[in-house]
Amino acid sequence: MVPFDEDKAAAYYYDREIMVRVPDDMPPGIYDLTVTVAGNARAGVCRSPRSVYVVNRYPIDPVFISFGHLDTSGQHQAEYLERLVDVINVIGPDMVLCSNACNAGYVSGALASLDIPYVINFGNHQFPGHEAWYGDPVGLVDYGPNISVLNFGLPWHCDQSKAKSLLNSRPKTPIRVVNAFEPNAPIPFLDRQQIRLIHDAHGTGKKVADFGATPTRRIGKTNSESFRIVRFLENSVASCTYNGHETAPVPYPRESPPPITLSFKHANDGTHDSNAVTVTNRLADAITNGRVCFILPSGEYQIDRGRHESLVTSDDGQYIILTIRLNIPANGVEVIRVEPHQSAEE
């Protein structure tokens, strides 16, 4: 339960605008938004699943995962996307950029277990009606004061006035990203708006390249069996390719085992007060600051490696979710053990 105030001057017919105050001790993570309406003909409960993301601090040098054109149009393709989500959750980036999606229903279901915010657009393979799921194809997402992501799900010959207006409203944002359908944005637009990264999944040309004077790093889709890890440093793209290659993405063939896997010693369901997880990285690149979550009975715990990130207690007080960050070496294995905390006397 959170306190809120209504902006009564903004009320119109059935519309209401409120400002919610998040408690200082609210643990980080993704939350459902549930609103109970009472006292009128529209009384009931409105629920928006996984629509609120709480962080302790905003990223300075963000990490993005990007992919697109995965042709997720049915169950088989959605299962691949769901397996990709499992990999992304272990990598633990700040945001996911998805371009040129197809069926909003299957995509939304496959991404339901993603523990990270994502921005998505629909391109030339789109199923009708995706706006009912994800809204206007042109929009802006702020991630704190340092990052603004423009979602532009239209060809660049279409009207750009809304995109320009949205970016002009953020004149001091140092990291400006465009999640696009196509990469051929006008160079004057990219330079004027100081776009640091444009991600696309449908364009021609070299898949990793610099455009304009800013410069803007273009990161494009190479195939439908891969993804990219994009790391920023000092407001510019520092890396976005795999194994030192000039343009290659991280490979993940659809019929192969996931490149990063977790194997728990016991069921990770809160029934064991000690557990261990084996993290296997089959990639030629190390994973920096990866993430693992333990579900445990309530109590105090200690870990033998990694960095404690957060601890969330369930509403009934019976369980905790302990999140740990760790570095996973290339072609390597890490084992993390968690045990009940023991005092010096014990």
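Residues whose amide H comes within less than 5 Å of that of Phe227, counting only those at least five positions distant or on another chain, are Val250, Tyr252 (H built at 1.01 Å from N in the peptide plane).
Segment 269-331 and segment 1-77 have their alpha-carbon centroids 26 Å apart. Inverting the pair-averaged 1/r between distinct Cα atoms of the chain gives 21.9 Å as its Kirkwood hydrodynamic radius. Put a plus charge on the Cβ of each Lys and Arg, a minus charge on the Cβ of each Asp and Glu, and nothing anywhere else: the dipole of the chain about its Cα centre is then about 1180 debye.
Highest mobility in the GNM of the chain, judged by mean-square fluctuation with C-alpha springs under 10 Å and restricted to Asp269, Asp15, Asp315, is found for Asp15. Distances between placed amide hydrogens fall under 5 Å for Val52 paired with Tyr31, Leu33, all partners being 5 or more residues away or on another chain. A rounded overall shape is assigned to segment 36-180, the ratio a/c of its alpha-carbon gyration tensor axes (a ≥ b ≥ c) being less than 1.5.
Scanning residues 5 or more positions from Gly203 or on other chains, those with amide H under 5 Å from its amide H are Lys221, with H placed 1.01 Å from N in the peptide plane.
Here the Karplus curve 6.51 cos²θ - 1.76 cosθ + 1.60, taken at θ = phi - 60°, turns the phi angles of segment 115-124 into couplings of 8, 9, x, 9, 10, 9, 10, 10, x, 6 Hz, with x standing for Gly and Pro. Here the 3J(HN,Hα) profile of segment 331-337, calculated from phi with Karplus coefficients 6.51, -1.76 and 1.60 at θ = phi - 60°, is 6, x, 9, 10, 10, 10, 10 Hz, Gly and Pro shown as x.
Within the straight-line cut-off of under 14 Å between alpha carbons, the aspartates and glutamates reachable from Lys172 are Asp142, sequence neighbours fewer than 8 places apart in one chain being disregarded.
Taking the number of Cβ atoms within 10 Å of each Cβ as an exposure proxy, the fewest-first ranking of Cys102, Cys158, Cys46 is Cys46, Cys158, Cys102.
Backbone geometry of segment 228-235 corresponds, through the Karplus equation with coefficients 6.51, -1.76 and 1.60 at θ = phi - 60°, to 3J(HN,Hα) couplings of 10, 10, 10, 10, 9, 8, 6, 6 Hz, x marking Gly and Pro.
Provide the packing ranking of 215-223, 105-113, i.e. peptides ordered by the mean count of other C-beta atoms within 10 Å per residue, highest first. Each step should come with its number before you reach the end.
Numbers: 215-223: 21.7, 105-113: 17.9.
In decreasing order of mean packing, 215-223, 105-113 become 215-223, 105-113.
So for Ser73, Ser66, fewest C-beta neighbours within 10 Å to most, what's the order? Mind showing how you got there, number by number?
On the way: Ser73 17, Ser66 25.
Least crowded to most crowded, the residues run Ser73, Ser66.
Using Cα pairs closer than 8 Å and at least 6 residues apart in sequence, work out the relative contact order for the chain, in percent. Don't skip to the answer; put the middle values down first.
On the way: 751 pairs, mean separation 40.5, N = 346.
After rounding, I find 12 percent.
Here, each number is a calculation from the coordinates, and none is a lab measurement. Here the structure is a predicted model, which is why all the values come from computation and not from measurement. All Cβ positions, even for glycine, are placed from backbone atoms using ideal geometry, and neighbour counts span all protein chains on display.
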